[in-house]
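Undergrad: One structure, as structure tokens, below. Some questions next.
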Amino acid sequence: MTGLLTSIQAALGLSHTPIPFTSSGALPSAFAVTDLACASIAAAGQAVSELLQQHTGRLPNLEVDRRLASFWFATSIRPVGWSVPPLWDPVAGDYATQDGWIRLHTNAPHHRAAAESVLGTCADRAAMASKVAQWAKTDLEQAVVDAGGCAAEMRSWAQWQAHPQGLAVNAEPLIQFSAGSGQHAKPWKGSVAQPLAGIKVLDLTRVLAGPVASRFLAGLGADVLRIDPPTWNEPGVVPEVTLGKRCARLDLHNNDDRAVFESLLKDADIVLHGYRADALEKLGYGVAEREKLAPGLIDVCLNAYG
């Protein structure tokens, strides 16, 4: 965990300050999820502490509880008198192919439609499994992606390290910065209780990394507005990804909605987006256009699915 924290601190330009971790235990996973949760929360907490020191002259003490960090990375919702809808579409998940395994992501209706355009309509997992079994995993991954869907051949660690995408990811920095104009710097309006009060965040993210980041900002007092297209619906995750935020829907193919979006963008301090790499460009809101509309905007992008 210390190595993870040190890497994140270095990538963010934070000092290599030791941060104590309390409690014990870990989420069940093949990956070090709890270690990542703790390191991420520690680095974010350190940044907030340094912000408060900058404005108040006092550096707050910081420690991370492994148990609470694990809960926060699992679920923050405990329904009372109601139930969270199923997290996954009925046919989403891992399937055996002729030569290995593949993961099909079908939560979004257009992702399921893309998979079924390749495999045929599937009423349940059994039907999907029988059709997937007739394919080689690499061929099926490419076919679903070409159809606009979301699929990933399951590879060993060594296979991933040798894959062009794995090599590309390894060659990139953990966090890539580019300098902005900074001309819209505003006076700090926060407090110890809400250090990000007065900060306006435009949240254009889906599931799950982006919404968790903007949820964290909302928890520190930022004013977060989440924008979704009219047709977006993943009821199993809505309670988690909208916590602490205002929500609205805009169709960026509609001129009136585009005008509203542009006014929101101009008024924002931070925009977070996690769409496919060329999605905003195709809508006419590429990097150059965003900089022109909102000089000094803090523009954060995460392309989590490659």
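Undergrad: Determine whether the range 154-175 contains at least one residue that is surrounded by 13 or more Cβ atoms within 10 Å (Cβ to Cβ), within 20 Å of Ser76 (Cα to Cα) and of a type outside the set (D, E, K, R).
TA: no
Undergrad: Okay, next question. Pairs needed: first member in the range 208-236, assigned by TED's automatic domain parsing to the domain that holds Gln46; second member anywhere, buried (at least 18 other Cβ atoms within 10 Å of the Cβ); C-beta distance under 6 Å; at least 6 residues apart or different chains.
TA: Between residues of the range 208-236 that are assigned by TED's automatic domain parsing to the domain that holds Gln46 and residues that are buried (at least 18 other Cβ atoms within 10 Å of the Cβ), there is no close pair.
Undergrad: Just to check your reading of the model, which residue among Ala123, Ala129 is within 16 Å of Asp89 (Cβ to Cβ), over 21 Å from the mean Cα position of the chain (by Cα), aliphatic (A, V, I, L, M) and in a loop (DSSP other than H, G, I, E, B)?
TA: On the way: Ala129 fails: in a loop (DSSP other than H, G, I, E, B).
Ala123 is the lone residue from the list that is within 16 Å of Asp89 (Cβ to Cβ), over 21 Å from the mean Cα position of the chain (by Cα), aliphatic (A, V, I, L, M) and in a loop (DSSP other than H, G, I, E, B).
Undergrad: Continuing with this model, one more query. Checking Gly120 against (1) on the phi > 0 side of the Ramachandran plot; (2) surrounded by 15 or more Cβ atoms within 10 Å (Cβ to Cβ); (3) not charged (D, E, K, R), which test does it fail?
TA: Unmet condition: (2).
Undergrad: How many of the residues in the range 135-153 are in contact with a helix residue (DSSP H, G or I) (Cβ under 9 Å, 6 or more places away or on another chain) and within 10 Å of Thr97 (Cβ to Cβ)? Talk me through it step by step, then tell me what you get.
TA: Kept after step one, since they are in contact with a helix residue (DSSP H, G or I) (Cβ under 9 Å, 6 or more places away or on another chain), are these residues of the range 135-153: 135, 140, 143-153.
Cutting the leftovers down to within 10 Å of Thr97 (Cβ to Cβ) gives us 135, 140, 153.
Qualifying residue count, the range 135-153: 3.
Undergrad: Could you list, ordered by first residue, the pairs with Cβ atoms under 8 Å in which the first is in the range 154-166 and farther than 14 Å from Ile102 by Cα and the second is among the aromatic types (Phe, Trp, Tyr), at least 6 apart or interchain?
TA: That search, which allows pairs on different chains as well, returns Gly166/Trp160.
Undergrad: Further question: Taking the range 11-46 only, how many residues are of a type in the set (Gly, Ala, Ser), surrounded by 14 or more Cβ atoms within 10 Å (Cβ to Cβ) and free of Cβ contacts under 8 Å to residues at least 40 places away in the same chain?
TA: The total comes to 7.
Undergrad: Let me ask you something else. Among the residues of the range 205-220, is any of a type in the set (S, T, N, Q) and surrounded by 17 or more Cβ atoms within 10 Å (Cβ to Cβ)?
TA: First pass over the range 205-220, keeping only residues of a type in the set (S, T, N, Q): 205, 214.
Narrowing further to those that are surrounded by 17 or more Cβ atoms within 10 Å (Cβ to Cβ): 205, 214.
Within the range 205-220, one or more residues are of a type in the set (S, T, N, Q) and surrounded by 17 or more Cβ atoms within 10 Å (Cβ to Cβ).
Each row is one residue, and each column tells you yes or no for (1) at pLDDT 95 or above; (2) of a type in the set (Phe, Trp, Tyr); (3) farther than 27 Å from Val300 by Cα.
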position	(1), (2), (3)
Pro79	no, no, yes
Ile102	yes, no, yes
Leu119	yes, no, yes
Leu140	yes, no, yes
Val144	yes, no, yes
Phe177	no, yes, no
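The values are calculated or read from the model by the stated rules, or taken from the named source; none is laboratory data. Being a predicted model, the structure only gives us computed values, none of them experimental. As a convention, Cβ positions derive from the backbone with ideal geometry for all residues, glycine included, and neighbour counts pool all protein chains shown.
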